[in-house]
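Here, each number is a calculation from the coordinates, and none is a lab measurement. Because the structure is predicted, anything quoted here is derived from the model rather than measured. Heads up, the Cβs are rebuilt from the backbone with ideal geometry, glycines too, and the neighbour counts pull from every protein chain shown.
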């Protein structure tokens, strides 16, 4: 597999594992508006954070790629990742053009995370047909990556027909959001990495890595990185941390896609919700700064390539965000 032209964005797991620890840990944050988001991002860069990831809802009500264009003018070296851009909401050529624009503004600093979202968003909110999401995602990623890495694509598939050229290639790594084995295998086969959410670490080690290896082997390439997206809190109050984590799990446990992944991971969600408490405990790194540092090291030592940490807000969120940013920046 070709390497990205930016030294801290290798698209092979064997190279990622040799990077300094700080380069393997990124943060996701929430902001109520663009100005608050920019302030947080600028501060995180000043504290030494190397990578921030933004979900579709990180800057409430705002478009993530547009926000990143603004962020590019306020920062100089911090890297950006989308986790995720929802593939049903925009044409793959448009996404490739957005990525090309961001690469011009922030050369080598972008990773483009793509995912299918969920039925309650795609069908209920947007009025679109979900169809076979993995088949659609395969075509979509192939088109976007072909445009970005080769500068041209001629694709005719079941869902997409695209014959287009970009003015130049931009080797932006394309990451697939994955929950179950099929998606992790697809990431290993055609993408530059996989990013999880709400997946227990032991499930990622036991199922996701082997699925990615199988996909990579089938396409005669080295496995790309696996990025585990977990919750993090610097609170030492176990009861409060687990209550907040349980609330997050309960929200996602209502989605069929997450229910199936939880079942695969050994935590079947029944009407009695017996597995929720145990699940919540596996999905959050918590404690004082030194304890969280130890947990980061322990999680990465299991074979996971990178961590994406979302701040689990308990109380005093701004002070804890500062402490968390400084911790990650000092790894």
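What FRET efficiency, computed as 1/(1 + (r/R0)^6) with R0 = 51 Å and r the Cβ-Cβ distance, is obtained for residue 238 and residue 217, rounded to the nearest 0.05?
The pair residue 238/residue 217 has a calculated efficiency of 0.75.
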GNM on the chain, C-alpha springs below 10 Å: top fluctuator among 293, 220, 180?
220
Residue 120 to residue 317: extension gain in nm, 0.36 nm per residue of separation minus the Cα-Cα distance?
68.0 nm
Extent along principal axes [Cα atoms of segment 80-122; Å; largest to smallest]:
35, 18, 9
How much length, in nm to one decimal, is gained on full extension between residue 260 and residue 294, taken as 0.36 nm per residue of separation minus their Cα-Cα distance?
9.2 nm
Expressed in angstrom, Rg and Dmax over the Cα atoms of the chain are 18.8, 56
For a quick check, take a GNM of the chain with Cα springs below 10 Å and name the residue from 318, 23, 213 with the largest mean-square fluctuation.
318
Of the convex hull drawn through the C-alpha atoms of segment 38-98, the volume per residue in Å³ is 81
Given the DSSP H assignment, sum -39500 (n - 2.57) over each helix run of at least 4 residues in the chain and divide by its residue total; what's the result at 222 nm in deg cm²/dmol, nearest 500?
-12500 deg cm²/dmol
With N residues in segment 9-63, what two-decimal value do you get for its Cα radius of gyration over 2.2 N^0.38 Å?
1.33
Rg ratio (alpha-carbon, reference 2.2 N^0.38 Å) - segment 108-164:
1.28
GNM on the chain, C-alpha springs below 10 Å: top fluctuator among 126, 148, 230?
126
To the nearest whole percent, what portion of all C-alpha pairs in segment 82-197 is separated by more than 20 angstrom?
38
Along its principal axes, what span do the Cα atoms of segment 270-326 show, with the longest given first and each in whole Å?
41, 32, 17
In square nanometres, what is one fourth of the surface area of the convex hull spanned by the alpha carbons of segment 138-213?
5.3
Could you check the simple spin-label distance between residue 22 and residue 135, using points 7 Å along Cα→Cβ, in nm with one decimal?
4.8
Return, for the Cα atoms of segment 206-331, the radius of gyration and Dmax in Å, separated by a comma.
16.2, 49
